[in-house]
Amino acid sequence: MKTFYRDLKGRFANKYIAVIVYSLIIIAIIIIAYFSKFQVKIEHTETEKIVFVNSIQEIIDKEKNEVLDLLEQCESKGNADAINWEDNGSGKNRASFGAYMFKVGTVKSFSKDLTDFQAIALASDRDEARKLAEYIIFQTKGGIWNWLTCAKKDGLVSKVEFIKNLESKIK
């Protein structure tokens, strides 16, 4: 004979469904308890950080190159063969030549033994003109002001002062 059970509201209930539900709950609790005893193991590994430290001289050289590159771009857009025929001068100093827009008189004032044509050739040689520009800017007082427009436009004055300040600290 089959017996039926009634729930709290008086409806008939099947005892097998209740047994299955309660069994699943008990099994779930046992599984959770079993796996909770395992702890996650976190391992720490030591790593070395490699830090590249530039020497002050490397920083100075980098900053000087940046100033010279900015000046070259401002003056001639990097064209070593550039010529500005009307550069506020007269006579042989009327035109400026090369990547740094040197006038013949400027080149000759720093290299006394050159002819006018040799001064133009030096100004048109990018490497030689760069050396001369570096000397004028960093070795002479107020040298950056020879390029007044670019010095103001690109903020080169503060960069040159920074470089000279660094150089004075290592000497």
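The values are calculated or read from the model by the stated rules, or taken from the named source; none is laboratory data. Bear in mind that the values here come from a model prediction, so they are computed numbers and not experimental data. A quick note on method: Cβ atoms are made from the backbone with ideal geometry, for glycine too, and the neighbour counts reach across all protein chains shown.
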* Structure fact -> Just one listed residue, out of Lys171, Lys141, Lys112, is surrounded by fewer than 19 Cβ atoms within 10 Å (Cβ to Cβ), modelled with pLDDT under 80, more than 27 Å from the chain's Cα centre (by Cα) and not aromatic (Phe, Trp, Tyr), and it is Lys171
* Select from the range 18-70 the residues that are under 30 Å from Met101 (Cβ atoms) and surrounded by fewer than 10 Cβ atoms within 10 Å (Cβ to Cβ) and list them in ascending order. => none
* within 30 Å of Glu161 (Cβ to Cβ), modelled with pLDDT under 75 and out of contact with any strand residue (DSSP E or B) (no Cβ under 8 Å at 6 or more places or on another chain): does that describe Phe52? -> yes
* Would you list the helices (runs of 4 or more DSSP H) that sit entirely within the range 92-145 and hold 3 or more residues that are touching a Phe, Trp or Tyr at 6+ places or on another chain (Cβ under 8 Å) and small (Gly, Ala, Ser)? => 116-124
